[in-house]
1. Which of the residues that make up region 810-822 are more than 18 Å from residue 858 (Cβ to Cβ) and either part of a loop (DSSP other than H, G, I, E, B) or touching a residue at least 24 places away in the same chain (Cβ under 8 Å) (or both)?
2. Here is a list of conditions, (1) open to solvent by 50 Å² or more (accessible area, probe 1.4 Å); (2) within 23 Å of residue 106 (Cβ to Cβ), and residue 547 meets all of them except one; can you say which number that is?
3. Out of 466, 452, I need the residue that is open to solvent by less than 70 Å² (accessible area, probe 1.4 Å), modelled with pLDDT under 90 and of a type in the set (Ser, Thr, Tyr). Which one?
4. Hey, does region 704-723 have a residue that's modelled with pLDDT under 90 and within 16 Å of the chain's Cα centre (by Cα)?
5. Determine if region 328-350 includes at least one residue that is in contact with a helix residue (DSSP H, G or I) (Cβ under 9 Å, 6 or more places away or on another chain), of a type in the set (Ser, Thr, Tyr) and within 24 Å of residue 367 (Cα to Cα).
6. Of all the strands (runs of 3 or more DSSP E) wholly in region 570-673, which have at least 2 residues that are open to solvent by 30 Å² or more (accessible area, probe 1.4 Å)?
7. If we keep just the residues of region 127-141 that are over 23 Å from residue 171 (Cβ atoms) and among the hydrophobic types (A, V, I, L, M, F, W, C), which is farthest from the chain's Cα centre (by Cα)?
8. What's the number of the only condition in (1) in a helix (DSSP H, G or I); (2) in contact with a Leu (Cβ under 8 Å, 6 or more places away or on another chain); (3) open to solvent by 20 Å² or more (accessible area, probe 1.4 Å) that residue 825 fails to meet?
Amino acid sequence: MTYRILYVDDEEGLLDVGKAFLEQMGSFTVDTTTSAEEALEGVRENEYLAIVADYQMPVMDGIELLKRIRASGNRIPFILFTGRGREEIAIEALNNGADFYLQKGGDPRAQFTELSNQIQHAIDRNEAEKAVREREAKYRGLFDNMNELALILEYFVDEHGTIIDGLVRDINRSGLRRLGIRSSADVVGKGVSNIMGSDMMSRFLPYIQKIRDDGQPFVKEHHFPLNGRDYITAVNPLGKDHMIVISTDITDIRMAKMAAKESEERFKLIAEQLLDVVYTTDAEGTITYISPSSSSLFGRSPEEMIGRHFMEYLEESSVPKAIREFQATVKVGKPVRNLELLMKHADGRTFIGELTGSPTTNGSGVNGSTGSVRDVSERKLSQLALSEAERNLRRITENMSDLVVELDQHGIALYASPSHHRLIGIDPEEVVGRSIFDLIVPEDRRWVEDEYKQWMHRGETKEIEYRIKDRNGTLHWVHSIGTALTDEGGHIIGAIINSRDVTERRRAEDALHQSEGRLQRAEEVARIGHWTIDLDDLSMIGSRGASKIYGIEQKKWSLKEVQAVPLAQYRPLLDSSLKKLIEEGAPYDVEFKIKRMDDGQILDIHSSAEYDPEQRIVFGVIHDITETKRAQEAMAHSNDLMRYIIEHSRSAIAVLDREMRYLFVSQHYIDDYELKRNVEGMYHYDVFPDLPPQWKEVHRRALAGEVISADEESYIKEHGSVYWTRWECRPWFLPDGSIGGIILDTEVINEHRQVKEELKRISGLLDLATQAGRAGVWEWDVTKDRVTWSDLMFEHHGIRKDEFGGRLEDWLGLTLPEDRAKYEEEIRRALKDGSRLDTVLRLRWPDGSVHNIRVLAFVQRNAEGEPLIMSGIGMETT
């Protein structure tokens, strides 16, 4: 890889020498300037990876240039390379943000080798720091934008290893919102019991202790008293003394299921009291439920009819119509209204039944029907028809990329392919009839013509490369392959020439040839400091950079001094590697730790070397990779944390960069979208080639900074199933505030949708049933002692709404006094043992008349079995 750098010095001669040395010894392309003002302009207009600047320059010195660059917010590596050796200059440069300070003088090769090492090290360190900042930004964006509550906890143990409490170290925005906390400052750094409460904390401590002891995560459903909501919580160990907690609010789903169950109970209570027949079927037409009134309408009990196809109870003349209507219901979701069919009674007579029905769904499609039937023998039959159609359109295009011509034996073009216009801007008609050699540059034309003439004599296949000009005069290198054409007698009469543009390849080859010879052994091993061992006297000479790394002041060391610097456990590795290099020529490329001689600091070191047997010296380099190691560890930690959050989210999550390539995907994402393999690194639109245009527009808006979401949206898969999803698409940001890509967060909510659809279906049936049977609906909240009546219940009791107090005592006060103790005992028994309440209330109306009301009810309980609500119906039976 080649790095572009800027070298600033007011001495033009030194600039030329420095540029030549650096481009020869390192992987650098060097731009030069003698003016600090021009350097500032160059930094604004070009993307340099490092700056090397002299200190003493007219108008603006090197430190002032450094200050202005840092003041603009630019973190580009900056090395002060100067002949001024005063210590205060070095201190001022480093204090103002210089990466390195290097003094001119001495052997030019050693001097520029060390400069090359410092540039390379500064660039590597800057890239590593940039990668850490970007990774941290991705993690923070994902953590803060999760829909789930997420906490990172640090726990504390006593001398026995028992957890006694913990601190909140981080909380995401969703967590603050769900817990009703205004700012993370209110909880971060504070005890976990402040959030959970001491009682709940004491219940959770055993689970947290088990996680610490076993190192295994746990998942638990629980009630959170702080906000009165229900959650499912996953807790996983994170490092030595941290844990990550992710909680998903399941209150709405749980309440929806309870409401659906309650409506189902009400439906069955009412259906069993109606004269009309209420039924349900599956998608094939098999009866799955039918009310007891089937005994009177069809002369058959529910047990006889359930499990049989509904067509069995129709006369043959009505079957085709019924099939059409049923198919319209289960296939396209069309309800049936007042459909008249000729039906059969068990005693052999026929009657006209009026059928009203609707499709039932399970969230992903229609799974059956439900409705009612009544005897309306006076009505007539009707019909309904369906029709469908399909269309397909395909287009195929082909393009020829090479230049193809047919020539006669003199080189006159008889045919030219259309690609001439596209590649060189010349129409095929302009080529035909002309000498093909007219397109070739003058410098190459003569020898190409000679090659063609000789070829016309010999006739073998020929490959040559030469230059041509396009209509605008631009040069192109082409690689041509020719095949001779012969007549029936075998005489050569022309040729077919296929030419391909190889300009880019030739440019690359030219650049490669120009750089050959510049790369020396020092280029391959130089990093940040270099050293030489003389095997004759076992002395070692190190550069200034090597001296700084080892913490040794003098330039010439004894081998014994140097061998004391690495940590003892690495000494065998270093001795063995050096011996193999000298005796066997094995590569010397090792990583080890040292303890610096001057301050005792522990550093990570990478070293490589080569041996010159003629001069009996070993030449090597050392590279302080401590910061790189730390950056790699930090990146790995952020990566592990991000992957854990993604994998333990209930949502399907994908993180993409600005080019729409996957950086991370959760297993939920792979499973929900039925991907065959992990798609990290792949292009999103290659994974989903048929993605509708509206989704691409969503991605474009998110990359522009917008957050787009939908609470419910359907998605049809290839096999036709309908999936309901909640989704959000939002940008994530780099440390500099620019958008780094987008986060896709989707959750399949089929179960929630099914519950809503089921609740809607049963509510419809409930309305139908209550209207047909004149049944009033009532509900008693046991915990609040609150009784709620429908309008029909007030009518059954002969009172107005403002005359009813709304408590159970007020209701029982309307009954005859001699019956009240009996009613109280029946209600108590239903609350205690779970039996249905089924009794007849005797009421005295305000006008003195006595009325009978049959009351049926069931009890809804919480997870501990305690009664919450008694729901039921009331029907006047006077």
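The values are calculated or read from the model by the stated rules, or taken from the named source; none is laboratory data. Just so we're clear, the structure is a prediction, and the values are computed from it rather than from any experiment. Neighbour counts are summed over all protein chains in view; Cβ atoms, including those assigned to glycine, are modelled from backbone coordinates with ideal geometry. Surface accessibility is based on the protein's heavy atoms, side chains included, excluding ligands, DNA and RNA. Shrake-Rupley method; radii C 1.70, N 1.55, O 1.52, S 1.80 Å.
1. Filtering region 810-822 down to residues more than 18 Å from residue 858 (Cβ to Cβ) leaves 810, 812-822.
813, 814, 815, 816 - these are the residues of region 810-822 that are more than 18 Å from residue 858 (Cβ to Cβ) and either part of a loop (DSSP other than H, G, I, E, B) or touching a residue at least 24 places away in the same chain (Cβ under 8 Å) (or both).
2. Answer for residue 547: the failing condition is (1).
3. Working: 466 fails: modelled with pLDDT under 90.
Among 466, 452, only 452 is open to solvent by less than 70 Å² (accessible area, probe 1.4 Å), modelled with pLDDT under 90 and of a type in the set (Ser, Thr, Tyr).
4. Checked region 704-723: no residue is modelled with pLDDT under 90 and within 16 Å of the chain's Cα centre (by Cα).
5. Applying the first criterion (in contact with a helix residue (DSSP H, G or I) (Cβ under 9 Å, 6 or more places away or on another chain)) to region 328-350 yields 334-336, 339-346.
Among the residues that remain, those that are also of a type in the set (Ser, Thr, Tyr) are: none.
No: zero hits.
6. Details: elements: 588-595, 602-612, 617-624, 652-657, 662-665.
In region 570-673, the matching strands (runs of 3 or more DSSP E) lie at 588-595, 602-612, 617-624.
7. Restricting to residues being over 23 Å from residue 171 (Cβ atoms) and among the hydrophobic types (A, V, I, L, M, F, W, C), the top hit is 128.
8. Here residue 825 clears every test but (2).
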